């Protein structure tokens with residue numbers, strides 16, 4: 001009996017003894033947990049201090065053969081890398097026809113008025129080049145060819161080469177980017193272009209410096225100063241190297257609402273004319289453009305209204321007695337000076353200033369996704385004869401099958417100073433091959 005009681009007591013105390021041996025000290029457990037927490041905090045701090053690692057690119061399904069090659073120069077990013085050797089090349093055809101009767105400006109019934117070849121590319125990280133060659137039925141000519149440095153110190157941008165000057169709103173436009181078949185009368189009568197000339201306007205070889213000016217919030221201001229060699233059609237003529245022409249322009253742009261904006265600009269140009277270095281011609285212009293393009297219906301409806309005023313002041317010679325214009329300033333007999341040469345100031349000739357002005361106003365409305373309708377009114381005096389003026393009214397309808405082609409018709413009624421009235425229908429087909437840069441806004 002005594003042995004049985006001893007066995008029962010041993011069996012009862014054995015689990016307690018085992019549990020006492022297997023259960024660690026609570027303080028030791030707490031110390032172990034604290035050490036572990038400190039170690040985890042150290043790892044987290046080390047991860048935060050380390051730079052972020054780039055995500056690994058997904059491995060291709062099949063490993064292509066890697067051929068080592070020398071690195072290529074990068075001009076402005078991946079898009080420009082493709083132009084390192086091949087510029088953007090484009091061709092635009094401009095076919096124009098007309099019907100009606102016009103004895104003052106008898107344009108051909110059918111003609112490929114212009115084929116424009118464009119070459120545009122980034123030259124290096126600091127400059128880009130644009131070259132436009134115009135080929136017509138009478139030959140080829142450089143429409144524009146210039147290099148642009150867009151990021152000079154002081155926020156300046158410089159262009160050098162042959163350019164269409166920034167006088168007014170329409171003069172910088174190429175023929176294919178015009179919203180009409182022809183150019184307004186102010187281009188021919190006041191800016192030196194021959195009547196009916198396809199590429200009329202102020203263009204010459206020179207330098208153009210522009211800068212975005214400080215302005216109040218919501219207003220964009222840009223100033224431009226240009227200097228040219230001094231030869232531009234019938235407007236400016238350089239008799240010697242120092243007979244340069246200059247041009248200044250200031251334009252402002254402001255959003256009136258989320259779908260409407262207004263642009264206003266002022267221009268002034270000065271140069272010598274074909275009578276010699278002592279005779280100057282001044283032209284000044286004021287232009288305004290109102291655009292409406294609703295965000296929700298932008299591809300179906302839009303509206304643009306344009307207007308431009310031009311004033312001309314030309315120093316000239318006139319006969320004091322009869323009030324007649326002198327003959328062209330070349331070799332002829334002058335009865336007053338009794339010499340061969342240009343007319344001289346004296347009893348037969350006197351210095352005079354010819355003042356003329358003109359304007360146009362137009363409106364274009366997008367009727368549907370590919371249809372546009374518009375109208376334009378022109379009125380302009382002639383710079384060499386301010387007593388004579390011409391006027392014209394036009395109605396235009398344009399269809400765009402795609403962004404690469406265009407069909408346009410224009411009804412034009414022109415009344416010339418000679419008393420003749422011309423009623424004509426002009427039509428135009430344009431098509432684009434290859435790449436072509438965006439037009440000026």
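Note on the range 393-441: Cα convex hull, mean projected area over all directions, 5.1 nm².
Indicate the gyration tensor shape class of the range 168-281 (rounded, prolate or oblate), computed on the Cα atoms with a ≥ b ≥ c the square roots of the eigenvalues: a/c under 1.5 is rounded; otherwise a/b larger than b/c is prolate and the rest oblate. In terms of gyration-tensor shape, oblate.
Gain on full extension, evaluated as 0.36 nm per residue between residue 28 and residue 288 minus their Cα-Cα distance, stands at 84.9 nm.
Sorted by mean Cβ packing within 10 Å, highest first, what order do the peptides 407-416, 249-258 take?
407-416, 249-258
On full extension, the segment bounded by residue 407 and residue 377 gains 8.7 nm, given 0.36 nm per residue less the C-alpha separation.
Here the mean projected area of the convex hull built on the C-alpha positions of the range 146-434 is 18.4 nm². Using the empirical formula 2.2 N^0.38 Å as the baseline, the Cα radius of gyration of the range 111-238 reaches a ratio of 1.15.
Coordinate-derived values only; no laboratory data. What you are looking at is a predicted structure, and each value in this text was computed from that prediction instead of being measured. All Cβ positions, even for glycine, are placed from backbone atoms using ideal geometry, and neighbour counts span all protein chains on display.
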